[in-house]
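Take a look at the structure below.
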Amino acid sequence: MKVNGRDYRTIWMDGPCVKTIEQRLIPHAFEIVTLADYAQTAEAIKTMVVRGAGAIGAAAGFGMAQVYLQAPDGAGRDAFVEEGYQTLRATRPTAQDLFFALDEIRAAADSARTLPEMRTAAVARANELADANAQACRRIGEFGAPLIADGATVLTHCNAGWLAFVDWGSALAPVYAAHRAGKKVRVLADETRPRCQGANLTAWELSQEGVPVEVIADNAAGLLMRRGQVQLVITGADRIAANGDAANKIGTYEKALCAKASGLPFYIAAPLSTFDLKCPNGDAIPIEERSADEVLYVYGRDDAGAFSRVRVAPQGVSARNPAFDVTPAELITGLITEKGIIAPNRAAIAKVLAK
Ligand code: MRU
């Protein structure tokens with residue numbers, strides 16, 4: 001997708017390094033960071049330099065390739081690989097794409113015999129997965145675009161655009177496809193407290209692409225749905241259970257309830273790498289608990305250009321900060337995947353994953 005008119009991917013490999021957009025600075029600054037080894041890549045995932053399920057998955061895949069590039073030959077190799085794998089696994093708990101990518105790279109490397117062959121296989125597979133992620137999202141856009149009528153307003157929560165993947169995005173891919181096809185489409189982007197992915201990332205990337213967008217406070221969504229100012233809700237997902245329950249950024253569940261109450265369609269868009277059949281339902285999906293400070297403070301850039309954080313709760317008060325919630329399958333109209341739009345139920349999910 002475009003930044004200042006130039007095509008970018010969110011993340012890529014450059015020799016032994018991983019390069020990615022520093023998402024914590026957006027929308028205030030656009031910088032590419034270089035991650036020289038797997039420890040730096042793991043830290044970038046953990047500290048949200050890279051964020052969003054698909055981008056986290058690509059980062060994990062590249063990070064695991066770096067593990068093989070750094071591994072010593074001979075004694076100590078297997079222990080080094082195991083240490084790298086576990087370090088990357090421990091970065092963030094909810095996004096299934098992370099675990100999917102790590103296992104894919106390991107399997108690719110395991111099929112080789114010598115360390116040089118393992119390195120080649122790991123890097124090749126990591127690049128393949130990144131390409132497949134971009135391709136899947138493009139297909140999600142093609143399948144989802146017909147859901148958007150000319151003149152429609154789409155509400156989304158968090159950021160499931162191209163910054164959250166390698167390219168195109170999941171929830172925003174249908175919007176981009178509809179926009180490029182000449183439809184008039186506008187987006188209401190929930191601010192998405194506490195980390196404000198909607199205000200920071202979704203609003204920025206839609207603006208870069210020329211799609212009209214307005215940021216709304218998270219609490220405004222219900223009113224605007226009720227008053228007929230939204231025609232469709234599309235969000236992404238961090239993990240989808242075997243029965244169609246879907247984990248996504250905290251607050252998504254409430255948007256699904258509001259959509260149901262207002263008779264609006266509520267779609268989840270995600271590539272098949274986000275599905276986890278090992279979770280029979282949403283209760284089995286691990287939910288990340290993040291620092292209370294994210295709730296107790298707001299972070300941004302002041303009019304003089306300085307970044308700072310400002311406390312919004314009384315000193316001494318504590319906070320809870322679950323980062324994701326689970327929308328039950330019965331509130332989801334359909335799941336937009338790279339193989340088509342499917343019903344959020346066990347049979348349809350099993351069938352599409354078996355294809
Ligand atoms: O910023 P994160 O990584 O905590 O947020 C994750 C997400 O981007 C969302 O939950 C998103 O809607 C899932 S789809 C990429």
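The values are calculated or read from the model by the stated rules, or taken from the named source; none is laboratory data. Remember, predicted model here, so these are calculated numbers, not experimental data. Cβ sites come from the backbone with ideal geometry, for glycine too, and all protein chains shown count toward neighbours. Each accessible area value is taken on the protein alone, full model and side chains, heavy atoms only, with ligands, DNA and RNA left out. Shrake-Rupley method; radii C 1.70, N 1.55, O 1.52, S 1.80 Å.
Considering only residues that are assigned to a helix (DSSP H, G or I), touching a residue at least 24 places away in the same chain (Cβ under 8 Å) and more than 29 Å from residue 194 (Cβ to Cβ), which ones fall in the stretch 312-347?
Taking the stretch 312-347 as the starting set, the residues that turn out to be assigned to a helix (DSSP H, G or I) are 329-331, 346-347.
Applying the additional criterion that residues be touching a residue at least 24 places away in the same chain (Cβ under 8 Å) yields 329, 331, 346.
Result: 346, single match.
For (1) within 12 Å of the ligand (Cβ to nearest atom); (2) not in a loop (DSSP other than H, G, I, E, B), each residue gets a yes or a no:
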site	(1), (2)
248	yes, yes
258	no, yes
267	no, yes
294	yes, yes
300	no, yes
305	no, no
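Is it true that some residue in the stretch 189-203 is within 14 Å of the ligand (Cβ to nearest atom), open to solvent by less than 20 Å² (accessible area, probe 1.4 Å) and in a loop (DSSP other than H, G, I, E, B)?
Among the residues of the stretch 189-203, at least one is within 14 Å of the ligand (Cβ to nearest atom), open to solvent by less than 20 Å² (accessible area, probe 1.4 Å) and in a loop (DSSP other than H, G, I, E, B), which makes the answer yes.
So residue 47 clears everything in (1) out of contact with any Leu (no Cβ under 7 Å at 6 or more places or on another chain); (2) more than 16 Å from the ligand (Cβ to nearest atom); (3) open to solvent by 40 Å² or more (accessible area, probe 1.4 Å) except one condition, right? Which one?
(2)
Can you name every residue in the stretch 163-177 that is out of contact with any Lys or Arg (no Cβ under 6 Å at 6 or more places or on another chain) and either more than 10 Å from the ligand (Cβ to nearest atom) or among the small types (Gly, Ala, Ser) (or both)?
Those that are out of contact with any Lys or Arg (no Cβ under 6 Å at 6 or more places or on another chain) and either more than 10 Å from the ligand (Cβ to nearest atom) or among the small types (Gly, Ala, Ser) (or both): 164, 169, 170, 171, 173, 174, 175, 176, 177.
Would you say residue 267 is under 30 Å from residue 23 (Cα atoms) and modelled with pLDDT under 95? Walk me through how you get there before you give the answer.
Working: under 30 Å from residue 23 (Cα atoms): yes; modelled with pLDDT under 95: no.
For residue 267, the condition - under 30 Å from residue 23 (Cα atoms) and modelled with pLDDT under 95 - is not met.
Which ones in the stretch 20-35 are open to solvent by 50 Å² or more (accessible area, probe 1.4 Å), free of Cβ contacts under 8 Å to residues at least 40 places away in the same chain and over 17 Å from residue 91 (Cα atoms)?
Of the stretch 20-35, the ones open to solvent by 50 Å² or more (accessible area, probe 1.4 Å) are 24, 27-28, 30-32, 34.
Right, trim to free of Cβ contacts under 8 Å to residues at least 40 places away in the same chain and you get 24, 30-32, 34.
Those that are open to solvent by 50 Å² or more (accessible area, probe 1.4 Å), free of Cβ contacts under 8 Å to residues at least 40 places away in the same chain and over 17 Å from residue 91 (Cα atoms): 30, 31, 32, 34.
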